[in-house]
């Protein structure tokens, strides 16, 4: 089976950390005998044509020096910055549709797997018209909330994209419920898998224990420093907790501009400079050391001013694979991963007092921390492992081909995807 993935961004050079889970998914499909390729926008006039043996087709949509609508920052955030970014999506959509039409007239595909259907459902439609491929759309949730809060006139487009899809997939049950508000199209839920990082956790990780005598309780956050991650509430919680339990907060992740400045000012105003570290994004080996050495990972997500929140919370999966107990907000797709008191602790969003209480609970109850860590590890292995996720995608592709794909699929390809 030949599968074309349509994406907003894909690694531009070695060690460019963009969608590592997707790169791993494609590599595993290659290993299973399928042909996989990627269709993605160029970046500043160019970009690589291959990633880890995966063919990559990049399309142009704007003069090179300004061709940066994607990759470095979320497109919705860029669009708010200037008139240039407001007009670029039109060029992006037209350029992508023409490029994928030409590509699919030259090469035939069985499946066009569309990530971020706003606007990429247009690309999937053009590919289907060019070569008869079946179209699978994968919804992350943010595109739904973006349209709902800022572009309500695009709701008709969302309904069209759903109707046009041969298979509709959501990354979490929360996103599936949002899709159901738009129509009655059947929705599969296929989340991320874990184990896609460069240095996966060893199988013999020691049982989690609290900090040794005289050592601080290490709290870890990993993620972009943006409003919906709720990091300011975590900093406030650590301030409250540190009066009772010696605590160190390590904030790892990319953060630029206003939000990072606000967080740094908050740390300073609370007198936490010696307890909070914000080194930014770190190399993969250092990230893995942080997972292995921390006592808890916290994802304090909120619903931001645009109505956006956590689609799933993949960092929770990675932490749980390290037998690291987790605390997270009770929002979005997080509840697909964290069952309160079973695989982690859930707290109300934007509630630093509740968050501080949950942190203190784990810092002082080693038995509970160990219980949650082990249950979390088992839950990830059972529900988010690569064999389970690959089986879900195999079934999805087979259903898409049966529903409407014409492409190149013959009896051999159908057997491969079904088996």
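Just so it is clear, none of the values below were taken in a lab; they were calculated from the coordinates. Just so it is clear, the structure is predicted and the values come from calculations on it, not from any experiment. Note that we place each Cβ from the backbone using ideal geometry, even for glycine, and neighbour counts take in every protein chain shown.
Annotations
- Across 81, 323, 28, mean-square fluctuation computed from a Gaussian network of the chain (C-alpha pairs under 10 Å connected) peaks at 81.
- DSSP-defined beta bridges in the chain - what % are antiparallel, rounded to 5: 5
- Gaussian network model of the chain, springs between alpha carbon atoms under 10 Å - residue of 361, 232, 244 with greatest fluctuation: 244
- Folded to 0 to 90 degrees: helix 117-131 orientation relative to the chain principal axis, Cα: 30
- Entry note, the chain: relative contact order of 16 percent, from Cα contacts under 8 Å with a spacing of 6+ residues.
- Region 307-378: equivalent-ellipsoid semi-axes (sqrt of 5 x gyration tensor eigenvalues, Cα, Å): 19, 16, 8
- With neighbour counts taken as other beta-carbon atoms within 10 Å, the residues 381, 273 rank, fewest first, as 273, 381.
- Degrees between helix 366-383 axis and first principal axis of the chain (Cα, 0 to 90, nearest 10): 10
- Here region 1-82 carries DSSP beta bridges of which approximately 25% are antiparallel, counting only pairs with both residues inside.
- CD proxy at 222 nm, helix term only [per DSSP H run n ≥ 4: -39500 (n - 2.57); per residue of the chain; nearest 500]: -13500 deg cm²/dmol
- Gaussian network model of the chain, springs between alpha carbon atoms under 10 Å - residue of 401, 194, 282 with greatest fluctuation: 282
- Take every pair of alpha-carbon atoms less than 8 Å apart whose residues are at least six positions apart; their mean separation over the length of region 2-135 yields a relative contact order of 27 percent.
- Taking the inverse of the mean 1/r over every pair of distinct Cα atoms in region 208-248 gives a Kirkwood hydrodynamic radius of 11.5 Å.
- Note: relative contact order over region 217-382, using C-alpha pairs below 8 Å and six or more positions apart, is 25 percent.
- Region 171-191-region 1-68 distance, computed between alpha-carbon centres (Å): 26
- Solution diffusion estimate, µm²/s, Stokes-Einstein, region 1-110, Kirkwood Rh from C-alpha pairs, 37 °C, viscosity 0.692 mPa s: 224
- Per residue, the convex hull spanned by the alpha carbons of region 33-184 comes to 128 Å³.
- Debye log10 I(q)/I(0) for region 217-382, one point scatterer per Cα, at q = 0.13 Å⁻¹: -0.55
- Alpha-carbon geometry of region 102-165: the Rg and the Dmax are 12.5, 39 Å, given in that order.
- Whole-angstrom Cα spans of region 52-142 along principal axes, big to small: 39, 30, 29
- Exposure proxy order (Cβ contacts within 10 Å, fewest to most) of 109, 140: 140, 109
- Tilt relative to the chain, helix 231-241 - C-alpha long axis, 0 to 90 degrees, to 10: 20
- Seen from a random direction on average, the alpha-carbon convex hull of the chain projects onto 19.8 square nanometres.
- Pairwise FRET efficiency - residue 160 versus residue 282, Cβ, R0 = 30 Å, nearest 0.05: 0.10
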